[in-house]
Amino acid sequence: MRKWKKSWALGLLLLPDLCQAADGKLLATPGVSQVEGSAGGGLVPWAMLAGYASRDEVSASAFATRVSVDDYRLEVWGAAFNWQDRVELSAAHQNFTLKQSGDEIRQNVYGLKVRLYGDVVYSTWPQLSLGLQHKRLKDPAIAEAVGADRTDHDTEFYLAASKLHLGALAGYNLLWNVTLRSSRSNQLGLLGYGGDEESSRELLGEASLAVLLHRQWALGYEYRMKPDNLGFAEEDDWSDFFIAYFPSKSFNVTAAYADLGSIAGEDDQKGLYLSMTGYLW
Amino acid sequence: MLALLAAGCATPGTRGALYDDLGGQAGIEKLVGRFIFEIGNDALIRPYFEETDLDRFHEKLTEQICEVSGGPCRYSGDSMVDSHRNMGVTEAHFNQTVDLLIRAMEAEDIPHRVQNRLLAVLAPLREDIIYQ
């Protein structure tokens with residue numbers, strides 16, 4: 001008990017430092033959390049690292065996301081750690097539910113992102129980061145049934161460039177991001193990796209555009225190319241319109257209207273995307 | 001937010017010199033005064049200014065903002081590198097100071113879109129300020 005009290009007191013002493021430890025960026029500039037756990041928009045990983053840590057600080061965050069379209073529901077939760085605005089580590093758990101049958105497919109995604117160059121706001125050229133997402137499929141049965149090439153795990157790599165232009169759009173701040181990803185993941189990997197039609201990786205483009213309506217509000221659009229490796233059904237590109245609210249550097253919430261196209265034979269999968277991220281320090 | 005947007009629309013957001021949108025000389029002087037007040041209230045940033053002659057700082061920063069915003073002034077103070085040498089301004093403290101400037105602009109009712117344009121012309125100074 002005594003020991004516990006002591007460590008608790010120490011924790012309180014450290015807390016102000018930690019709270020201040022990750023305040024080193026302008027509000028909203030780290031973006032939010034994307035569906036695989038990396039800092040980004042909703043669908044696309046951006047060059048920014050999760051949290052408000054500057055190059056002398058660390059930051060940790062946790063997020064939860066729910067996307068509900070006509071026939072499916074995707075729930076994701078996870079956490080990210082930012083070391084000195086240089087390295088981002090993330091882990092996310094995805095739970096994909098087939099609404100009609102109630103079947104679930106779970107996948108874990110472990111992410112690493114390294115900032116190679118720049119600052120999204122201040123550098124002349126865009127901030128540039130290199131990342132990977134290691135995906136481990138927990139429920140491979142459906143992936144096996146639909147003809148996936150691999151059903152255990154796979155790793156994909158991406159290069160992301162992001163830039164915020166202060167006051168560029170009639171005085172509003174404008175943010176853009178372009179990501180190039182090497183992937184063979186079928187529907188994020190929930191249907192395995194590679195397939196009967198194509199088993200190797202391909203380069204896919206992803207892009208985001210956002211306008212900051214005020215310090216606390218961002219409005220934007222995202223587009224994400226997807227592979228189409230499986231013969232049993234078409235896989236479409238994804239897109240969404242989003243609005244994000246940043247009441248403080250501790251919390252943000254995003255709502256989006258997502259168009260996920262055709263998923264496993266069910267066409268026109270559209271619906272609401274909701275996500276929130278909390279920054280612990 | 002809507003009120004602020006409306007305020008942003010009421011003033012010429014992009015037309016005219018930024019200097020005029022900031023309220024000219026008088027507006028910039030008031031803004032810098034408010035910025036110094038915000039610095040004085042901030043435990044993290046205040047120590048950097050303990051040795052500073054605040055009247056001179058007020059005058060020089062007003063001059064500098066006047067110049068970069070397209071006003072009829074010439075900044076006559078020290079270079080950014082010289083005035084921040086050995087201060088060890090970190091990226092975090094720089095950003096905190098930017099937040100204080102934003103707070104000062106909010107307090108002075110400077111429209112959001114004008115705020116961004118001032119930040120845009122001040123942003124290039126950053127590399128001469130941090131880690132000197």
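The values are calculated or read from the model by the stated rules, or taken from the named source; none is laboratory data. Worth saying up front: this structure is predicted, and the values here are computed from it rather than measured. As a convention, Cβ positions derive from the backbone with ideal geometry for all residues, glycine included, and neighbour counts pool all protein chains shown. Each accessible area value is taken on the protein alone, full model and side chains, heavy atoms only, with ligands, DNA and RNA left out. Shrake-Rupley method; radii C 1.70, N 1.55, O 1.52, S 1.80 Å.
Counted by Cβ distance under 11 Å from A:Gly37, the other residues give a net charge of 0, where Lys and Arg count +1 and Asp and Glu count -1.
Note down the relative contact order for chain A as a percent, whole number, built from C-alpha pairs under 8 angstrom at least six residues apart.
Result for chain A is 17 percent.
What the Cα convex hull of region B:18-129 gives, in volume per residue, is 93 Å³.
What value does region A:195-281 have for Rg/Rh, both radii from Cα atoms and Rh as Kirkwood defines it?
1.09
Rounded to the nearest 500, the 222 nm mean residue ellipticity of chain B from helices alone is -18500 deg cm²/dmol, with -39,500 (n - 2.57) taken per DSSP H run of at least 4 residues.
Kirkwood radius, region A:171-229, all distinct C-alpha pairs, inverse of mean reciprocal distance: 13.2 Å. The contact between chain B and chain A removes approximately 2200 Å² from the accessible area (both sides summed; 1.4 Å probe; ligands, DNA and RNA excluded).
Shape of chain A from its Cα gyration tensor (a ≥ b ≥ c, root eigenvalues): rounded if a/c is under 1.5, otherwise prolate when a/b > b/c, or oblate? Cα axes put chain A in the prolate bin. The Cβ shell under 11 Å around B:His112 holds other residues with a net charge of +1, Lys and Arg each +1, Asp and Glu each -1. Between helix B:91-107 and chain B, what is the angle of the helix's C-alpha long axis to the longest principal axis, kept within 0 to 90° and rounded to the nearest 10? Helix B:91-107 sits roughly 40 degrees off the main axis of chain B. Quick one: angle between helix A:2-21 and the longest Cα principal axis of chain A, in degrees between 0 and 90, rounded to 10, please. It works out to around 90 degrees. Counting only C-alpha contacts under 8 Å and six or more residues apart, can you give the relative contact order of region A:175-258 as a whole percent? Taking the mean separation of contacting Cα pairs over the length of region A:175-258, I get 25 percent. Once the Cα atoms of helix B:54-68 and of chain B are each reduced to a long axis, what angle between those two axes, in degrees from 0 to 90 to the nearest 10, is obtained? The angle comes out near 50 degrees.
For chain A, the fraction of 1.4 Å probe accessible surface lying on carbon and sulfur atoms is 61 percent. Summarising the overall dimensions of region A:86-229 from its C-alpha atoms, the Rg and Dmax are 17.8, 53 angstrom. Using a 1.4 Å probe on the heavy atoms of the protein chains only, list every residue of region A:55-74 that has 10 Å² or more less accessible area in the complete assembly than in its chain alone. SASA drop of 10 Å² or more in region A:55-74: A:Arg55, A:Asp56, A:Glu57. The mean sequence separation of alpha-carbon pairs under 8 Å and at least six residues apart, normalised by the residue count of region B:18-129, gives a relative contact order of 38 percent. Compute the signed sum of charges (Lys and Arg +1, Asp and Glu -1) over the other residues within less than 12 Å, Cβ to Cβ, of A:Asp103. Net of charged neighbours comes to 0. Dividing the helix sum by the residues of chain A, where each DSSP H run of 4 or more adds -39500 (n - 2.57), gives a mean residue ellipticity at 222 nm of -3000 deg cm²/dmol.
Per residue, region B:77-132 exposes 40 Å² of accessible surface when a 1.4 Å probe is rolled over the protein heavy atoms with every protein chain present.
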